[in-house]
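What follows is a single structure, written as structure tokens, with notes after it.
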Amino acid sequence: MIYYRKDLQKFYLEPVFDNKEVFAFFVKLLNPYLLTTESIAFCVLSYIFKIKVNKMNKKEVIIEYGKNENLTQVEFNCDKKKEFYIGRKQDSDIELGENQISREQAMIYYENDNWYIKDGGKEKPSGSGTWLFLDKRYEINSDIIFLVGSSSIKLEYIKPQIDIEKKEEKLVNVENEEKKIIENKTEENNKKEKIETKDKNV
């Protein structure tokens, strides 16, 4: 379900689960995603990942990953370094040895006191994508690609017209204020000229 909250002036994508049919619902990571202490799940081909910021130590993220229920757990701490990589290359922090996986499949990094995950590395996105499992409301603030079952849907984000109207209204108000200032100055100058002329005649 896609809807617009007028009070917040934001668009949202939210899964609606049917009791009769259960679909996997994923959003492709096109932009860096902020990590919190609430666990999120994402997938890289057949690998499942669960990741969250440690509540007891915000400088650390806890990651569980694998192909089945027996997940491997690792912790990344920003005191050691700020960037961590998931991918096929041998020096990856989490190495996934499959040919379909990119050398730099995903990147987890610490910046301005926050943890983020992004698809690919610094230079380019991965070949297969990194997909966030969506089980709650997701804010739409840029173009997104999402999966419902086996269907892939691309959604183009267009900024709400209300913001443009407000900017135009502000611009008109500024122009009106400037016009008033100019008119007041002109009126003051005219008064001064009249007083000076009167003084000369006297």
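The values are calculated or read from the model by the stated rules, or taken from the named source; none is laboratory data. Keep in mind it's a predicted model, so treat the numbers as computed, not measured. Heads up, the Cβs are rebuilt from the backbone with ideal geometry, glycines too, and the neighbour counts pull from every protein chain shown.
Taking the range 85-117 as the range and being polar (S, T, N, Q) and within 22 Å of the chain's Cα centre (by Cα) as the test, the residues that pass are GLN105, ASN112, ASN114. Within the range 40-48, one or more residues are surrounded by 14 or more Cβ atoms within 10 Å (Cβ to Cβ), free of Cβ contacts under 8 Å to residues at least 24 places away in the same chain and not aromatic (Phe, Trp, Tyr). Here is a check on your reading of the model: is ILE86 within 20 Å of PHE26 (Cβ to Cβ), at pLDDT 90 or above, out of contact with any strand residue (DSSP E or B) (no Cβ under 6 Å at 6 or more places or on another chain) and crowded, with 19+ Cβ neighbours inside 10 Å? No. Considering LYS122, LYS80, which residue is within 21 Å of the chain's Cα centre (by Cα), of a type in the set (Lys, Arg) and either over 16 Å from LEU35 (Cβ atoms) or buried (at least 18 other Cβ atoms within 10 Å of the Cβ) (or both)? LYS122 is the lone residue from the list that is within 21 Å of the chain's Cα centre (by Cα), of a type in the set (Lys, Arg) and either over 16 Å from LEU35 (Cβ atoms) or buried (at least 18 other Cβ atoms within 10 Å of the Cβ) (or both). Taken residue by residue, the range 64-82 has at least one member that is closer than 20 Å to LYS28 by Cα and touching a Lys or Arg at 6+ places or on another chain (Cβ under 9 Å).
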